[in-house]
1. For the stretch 1-117, which helices (runs of 4 or more DSSP H) that fit wholly inside it have 3 or more residues that are modelled with pLDDT of 95 or more and farther than 25 Å from residue 204 by Cβ?
2. Is it the case, given these coordinates, that residue 48 is crowded, with 16+ Cβ neighbours inside 10 Å and not hydrophobic (A, V, I, L, M, F, W, C)?
3. Looking for something more than 25 Å from residue 152 (Cβ to Cβ) and not assigned by TED's automatic domain parsing to the domain that holds residue 197 - is there at least one such residue anywhere in the stretch 65-78?
4. Yes or no: the stretch 198-214 includes at least one residue that is within 21 Å of the chain's Cα centre (by Cα) and under 23 Å from residue 113 (Cα atoms).
5. For the stretch 89-107, indicate whether the set of residues that are surrounded by fewer than 17 Cβ atoms within 10 Å (Cβ to Cβ), among the polar types (S, T, N, Q), on the phi < 0 side of the Ramachandran plot and within 21 Å of the chain's Cα centre (by Cα) is non-empty.
6. Here are some residues: 28, 43. Which one is surrounded by fewer than 16 Cβ atoms within 10 Å (Cβ to Cβ), in contact with a Ser or Thr (Cβ under 7 Å, 6 or more places away or on another chain) and either of a type in the set (A, V, I, L, M) or not assigned by TED's automatic domain parsing to the domain that holds residue 153 (or both)?
Amino acid sequence: MSKRILLVEDEPGLALTLTDRLIAEGYTVESARDGDTGLQRATNENFDLILLDVMLPRKNGFDVCRDLRQRGVQTPVIMLTARGQVVDKVVGLKLGADDYVTKPFEMMELLARIEAMLRRTPAAVPASSEVYQFGAVRVDFRKAEVWYEDKAVELSAREFQLLRYFIEHRGNTISRDELLNEVWGYNAMPSTRTVDVHIAWLRQKLETNPRHPQYILTIHGLGYKFVG
């Protein structure tokens, strides 16, 4: 069965080009031309991946991504943006996007990103348990929910995937390259601090003292280790 992709893009030429190429690659493509429609379709229908433009009429891509995650929709999101500034990319990731591609992009690069995202399979629940607890933190894998001292913690899809990978490999020293490959699903440029940024966010949300973490430890020169 072909994978379903929702393309939220208001530029007719680009939407047509992307749709034709994706269909040629064997995907099923549905389209939305504005943010409100994209949000409704992504919320009410099942898709394997969402290609989401940032500059959209009625509701921009950042707001769509944020609202999707707040509604509990965990469908992978690749943002398409004409903005090249690092701050915009960070905002997109922080709001729950899984990846971003800056326009103008090479079609082969986008296809590779899509392929890598869809190739990821949900990891097995650790110790055959649906709930894992460490300190004051409780993680419900089935519901994709995290609680800190009985208060719900908002994690982006990527933050949750990263936390899950740490828990499943607790006690192991894990390099940034491994995290990029296994959690992000592709080889990001070594110059990016993507992993460090996401770990900093996790520490802010889950550690009692983020500056002196108790659970997500830095192993200098090697990577990170989760102990819990």
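The values are calculated or read from the model by the stated rules, or taken from the named source; none is laboratory data. All values derive from a computational prediction rather than experimental measurement. Reconstructed Cβ throughout: ideal geometry from the backbone, glycine too, with neighbour counts over all protein chains shown.
1. Those helices (runs of 4 or more DSSP H) span 12-24, 35-44.
2. yes
3. Yes: the stretch 65-78 contains one or more residues that are more than 25 Å from residue 152 (Cβ to Cβ) and not assigned by TED's automatic domain parsing to the domain that holds residue 197.
4. There is at least one residue in the stretch 198-214 that is within 21 Å of the chain's Cα centre (by Cα) and under 23 Å from residue 113 (Cα atoms).
5. Yes, the stretch 89-107 contains at least one residue that is surrounded by fewer than 17 Cβ atoms within 10 Å (Cβ to Cβ), among the polar types (S, T, N, Q), on the phi < 0 side of the Ramachandran plot and within 21 Å of the chain's Cα centre (by Cα).
6. Sole residue among the options that is surrounded by fewer than 16 Cβ atoms within 10 Å (Cβ to Cβ), in contact with a Ser or Thr (Cβ under 7 Å, 6 or more places away or on another chain) and either of a type in the set (A, V, I, L, M) or not assigned by TED's automatic domain parsing to the domain that holds residue 153 (or both): 28.
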